[in-house]
Amino acid sequence: MTPNPFVATAMSAPVETWDHPDRGLISFRTLLGDGELHAHSFTAGSAEVPVNGWLAQHRHDPAEVYLITSGQGTVTIDGVPYPVSAGSVVFIPSRSEHGIRNDGEEPLHFSYVFAVNSFHDVVYEFSATDAMIGADA
């Protein structure tokens, strides 16, 4: 079955926030693949990392792509830090340990994409606790 085309906007998606020392301080909106809007094997959304915020080191099965849309920070992948700013694209291979930190003086915004039907299919394994949680936990 071929999916129907559609347009999703950030304002139409609910905001989820993680504010936990083992997960990070970040808010995000899943725009595609949220359980209702399916794009046939893609999940996409937008995230905001506040000043001094971060998404803790973690890994998951699907590869991921970040597109940095504003701000600046550092993405660390398998222990290697990569500075990022507006216009940067980051490819994160499957099972690579990664996280992102806002190093700037304004919020860091990025879009994320997974090649899975739903964000709920992504199981996060956070390095700090070795805890496994679903994306919706």
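The values are calculated or read from the model by the stated rules, or taken from the named source; none is laboratory data. Nothing here was measured: the structure is a model prediction, and the numbers come from that model. Cβ sites come from the backbone with ideal geometry, for glycine too, and all protein chains shown count toward neighbours. Remember, those area values only see protein heavy atoms, side chains included, never the ligands or the DNA or RNA. Shrake-Rupley method; radii C 1.70, N 1.55, O 1.52, S 1.80 Å.
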Filtering segment 49-91 for residues that are part of a strand (DSSP E or B) and of a type outside the set (A, V, I, L, M, F, W, C) leaves a count of 15
Being among the β-branched types (V, I, T) and modelled with pLDDT of 90 or more is the filter; apply it to segment 96-121 and report the residue that is farthest from the chain's Cα centre (by Cα). I100
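Name every residue in segment 66-96 that is of a type in the set (D, E, K, R) and open to solvent by less than 50 Å² (accessible area, probe 1.4 Å), in order of residue number. Walk me through it before giving the result.
First pass over segment 66-96, keeping only residues of a type in the set (D, E, K, R): 78, 95.
None - no residue of segment 66-96 is of a type in the set (D, E, K, R) and open to solvent by less than 50 Å² (accessible area, probe 1.4 Å), so the list stays empty.
Determine whether A47 is out of contact with any Cys (no Cβ under 8 Å at 6 or more places or on another chain), at pLDDT 95 or above and surrounded by fewer than 16 Cβ atoms within 10 Å (Cβ to Cβ). It would help to see each step written out before you state the result.
Details: out of contact with any Cys (no Cβ under 8 Å at 6 or more places or on another chain): yes; at pLDDT 95 or above: yes; surrounded by fewer than 16 Cβ atoms within 10 Å (Cβ to Cβ): no.
When the stated conditions are applied, A47 does not pass them.
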Could you figure out which of (1) open to solvent by 50 Å² or more (accessible area, probe 1.4 Å); (2) touching a Leu at 6+ places or on another chain (Cβ under 8 Å) isn't true of V7? (2)
Out of E97, E16, report the one residue that is within 18 Å of S118 (Cβ to Cβ) and among the charged types (D, E, K, R). E16
Name, by its number, the condition in (1) part of a loop (DSSP other than H, G, I, E, B); (2) touching a helix residue (DSSP H, G or I) at 6+ places or on another chain (Cβ under 9 Å); (3) among the polar types (S, T, N, Q) that does not hold for S46. (1)
Out of everything in segment 97-112 that is in contact with an Asp or Glu (Cβ under 9 Å, 6 or more places away or on another chain) and closer than 19 Å to T43 by Cα, what residue ends up being surrounded by the most Cβ atoms within 10 Å (Cβ to Cβ)? F110
